[in-house]
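Comments concern the structure below.
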Amino acid sequence: MKRKTNNTQEQRKKKVKAFKFKSSLQFDHILDIIINKRLYCSDWLKLNDPMEGQFAYSYNNEVKKVSEIINGIVDKKKQYKVCSLSSIYNSHLLWAHYANGFDGVAIEVELNENKYIQRVNYGGVFAGINLNNNMETDEIARTILFSKYIEWNYEKEIRILCHQEYYYDLKIKRVIAGTRINKILCDTLNFICHNLGIPFSKIGIGDEGMDIDFVNPIKNFKTILEAEDNF
C-alpha cells in the first residue's frame, strides 16, 4: 500500500526571504512591485559597481579552444538581466543608499530558490574562473554575475538573474516604511497594502538596533484625505 503524501513540488521548494529597498521618489516602482507582484530586472552593465561582470580566468594545456570558450561566456552574460535584493532589512547603510536616507520602503518578498537566485559571493575585484573545471559557459556566466568585490559585502545581496525584464515568481510578504517617509505617502501605502492583504509596518530605530513596528491599518481612504486637509 502506497503511503499518502501532501508534499507537492511547490511545497518542497526552499523559500528565500529577501528585501527590495526603494526610495519614495520611485513611488510608481513601489506600486508596480506590490500591485503587479513583479521585480524589475536591469541590464547588469548599468548597475552601480563598475566592475560588475568582470572576470579573470586561468587554464592549463588540457583546455582547448580558449578563445571560443571566453566568447561563449561573454555571450551568455549578455543574455542576463539582474535584480538586486538584500537578505537583511536592518542596515542603516542600505536604508541610506537605496531608500533615500530612510525616505522609502523595504519590501519583503518570498522567492523560490533555484539556480538563478543566489546569495552573492564577495571576493576580489575580478571574479576568478578556472576553465579546467569543465563547467558549461552558462554556468560560468552565472558564477561571474553572482560575484562582487568584497567592499560591497555590507549589502548581503541576494541576486536574481533573469532573461526577461520582469521576474514574477514571488510573493509579497510585507512592506516596511522608513522613518522619514512622507505621512501622506505612508498612509496611502498603508491603505493599499491593507486592501491587498499585505502586512504594512514601519522601521523602528533604538539603542539595540532596528526592529519592525506595527502600524494600525488604514481601512478607509477618507481618513487619508481628511489628514491631508489638516496638513
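Here the extension length gained between residue 138 and residue 32 equals 35.1 nm, from 0.36 nm per residue of separation less the Cα-Cα distance. Our summary gives region 107-231 a relative contact order of 25 percent, counting only alpha carbon pairs under 8 angstrom and 6 or more residues apart.
With R₀ fixed at 45 Å, the C-beta to C-beta distance from residue 17 to residue 61 puts the FRET efficiency at about 0.45.
Rg and Dmax over the alpha-carbon atoms of region 114-174 stand at 13.4, 44 Å.
For residue 51, nonlocal amide neighbours, meaning residues 5 or more places apart or on other chains whose placed amide H falls under 5 Å from its own, do not occur. Only bridges with both residues in region 88-231 count here: give the DSSP antiparallel percent, nearest 5. Close to 75 percent. For region 30-152, the C-alpha radius of gyration divided by 2.2 N^0.38 Å, with N the number of residues, is 1.24.
Residue separation times 0.36 nm, minus the C-alpha to C-alpha distance between residue 71 and residue 130: what's the value?
Answer, rounded to one decimal: 19.7 nm.
Taking 126, 146, 19 in turn, the Gaussian network model of the chain (Cα-Cα springs below 10 Å) assigns the largest fluctuation to 126. In a Gaussian network model over the chain where Cα atoms closer than 10 Å are linked, find which of 165, 136, 68 has the largest mean-square fluctuation. The residue that fluctuates most here is 68. Using equal-weight Cα scatterers in the Debye expression, the normalised intensity of the chain in log10 at q = 0.12, 0.15, 0.16, 0.18 Å⁻¹ is -0.75, -1.03, -1.12, -1.30. Legend: ranking of residues 152, 44 from fewest to most surrounding C-beta atoms inside 10 Å; resulting order 152, 44. In the chain, Cα pairs under 8 Å separated by at least six residues give a relative contact order of 26 percent.
Coordinate-derived values only; no laboratory data. Predicted, not measured: the structure shown is a model, and the values here were computed from it. Methodologically, a virtual Cβ is constructed for each residue, glycine included, from the backbone with ideal geometry; neighbour enumeration extends over all protein chains shown.
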